[in-house]
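Engineer: After the structure tokens below, expect a handful of questions from me.
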Amino acid sequence: ILWLGWYGFNAGSQLRIATPGASEVIGRIVVNTTLSAAGSGLVSLAIATLGQWRRGTVNYEVPAICNGILAGLVSITAGCACMLPWAAFLTGFIGAFVYYGASKLMLKLKIDDPLDAFAVHGACGFWGVLAVGVFGHPEFVGFGWDGENGDVAGDEYAGFLYGGSTLFGAQLVALIIEIAWVASLSTAMFFALKMSGILRVSEEVEMAGMDVSKHGGSAYNH
């Protein structure tokens, strides 16, 4: 369902289809979204299956391929309109390893993230923004800045694979600003919740599980 919805999210963000050149961009967005999601899903499944094989069992993990697909979708969102198809596939391919590494890092740090939300949306989102600075095609990066299909940004704003000298740095600065903004607001919000005594549930509720204590039933049938 999310994969299907992502076509509306990515392609729909074009906000127009009848104006000259818009349908071409939407077609590229749809193709790139598909390739990145499929590539990341398959690679994530391969990584999980290899891990199973090394432990002497082979069980195809549904969560691995589902989160892998999401990792590919998140990775390509920033650059879906400004990459060639091969670059979109490579973005998803790398995104699978970003997702896997971030997921293992959360376990290593003992941070509770059972849905791998940070690995999928945080780490892969970070990679996706940077990927624009790597794979952004010079003919596509400037499209839409002035409502016309022209490279109004200049060649230096192409990805560095195409000789661009500015875009990667601009993407990195944007990420730093976003992290600072979110960290500042989150710190203020969580501090206020902690001081109010409502940041965490009690130990009894935590041990029982919030599915039972707050919703009246277990989410899992063990």
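The values are calculated or read from the model by the stated rules, or taken from the named source; none is laboratory data. These numbers were taken from a predicted model, which means no experiment stands behind them. Glycine also receives a Cβ, built like all others from the backbone with ideal geometry; neighbour counts cover every protein chain displayed. Heads up: the accessible areas ignore ligands, DNA and RNA and are worked out on the full protein's heavy atoms, side chains in. Shrake-Rupley method; radii C 1.70, N 1.55, O 1.52, S 1.80 Å.
Engineer: Return the residues of the range 108-133 that are touching a Gly at 6+ places or on another chain (Cβ under 9 Å) and open to solvent by 20 Å² or more (accessible area, probe 1.4 Å); say none if nothing qualifies.
Structural biologist: 127, 129, listed by residue number.
Engineer: Within the range 192-202, does at least one residue satisfy the condition of being under 24 Å from the mean Cα position of the chain (by Cα), among the β-branched types (Val, Ile, Thr) and exposed (fewer than 11 other Cβ atoms within 10 Å of the Cβ)? I'd like the intermediate steps shown before the answer.
Structural biologist: Here is the first cut: in the range 192-202, the ones under 24 Å from the mean Cα position of the chain (by Cα) are none.
No, the range 192-202 contains no residue that is under 24 Å from the mean Cα position of the chain (by Cα), among the β-branched types (Val, Ile, Thr) and exposed (fewer than 11 other Cβ atoms within 10 Å of the Cβ).
Engineer: Within the range 64-74, identify whether any single residue is without any contact (Cβ under 8 Å) to a residue 24 or more places away in the chain, assigned to a helix (DSSP H, G or I) and either open to solvent by less than 20 Å² (accessible area, probe 1.4 Å) or closer than 20 Å to residue 171 by Cα (or both), and answer yes or no.
Structural biologist: Yes, that holds for at least one residue.
Engineer: Specify which of the listed residues (40, 36, 23, 103) is over 15 Å from the mean Cα position of the chain (by Cα) and not in a loop (DSSP other than H, G, I, E, B).
Structural biologist: Working: 40 fails: over 15 Å from the mean Cα position of the chain (by Cα); 36 fails: over 15 Å from the mean Cα position of the chain (by Cα); 103 fails: over 15 Å from the mean Cα position of the chain (by Cα).
Just one listed residue meets the conditions, 23.
Engineer: Another question, if that's okay. Can you tell me which residue is most open to solvent (accessible area, probe 1.4 Å) among those in the range 37-63 that are over 13 Å from residue 97 (Cα atoms) and in contact with a Ser or Thr (Cβ under 7 Å, 6 or more places away or on another chain)?
Structural biologist: Ranking the qualifying residues of the range 37-63, first place goes to 60.
Engineer: Scan (1) within 21 Å of residue 134 (Cα to Cα); (2) open to solvent by 70 Å² or more (accessible area, probe 1.4 Å); (3) under 17 Å from the mean Cα position of the chain (by Cα) for the single condition residue 86 breaks and write down its number.
Structural biologist: (3)
Engineer: Pairs needed: first member in the range 34-56, farther than 29 Å from residue 11 by Cα; second member anywhere, open to solvent by 40 Å² or more (accessible area, probe 1.4 Å) and among the aliphatic types (A, V, I, L, M); C-beta distance under 9 Å; at least 6 residues apart or different chains.
Structural biologist: 48/65; 49/58; 52/58
Engineer: Next question. I need every pair where a residue in the range 182-210 that is farther than 24 Å from residue 118 by Cβ has its Cβ under 9 Å from the Cβ of a residue that is open to solvent by 90 Å² or more (accessible area, probe 1.4 Å), sequence separation at least 6 or different chains.
Structural biologist: none
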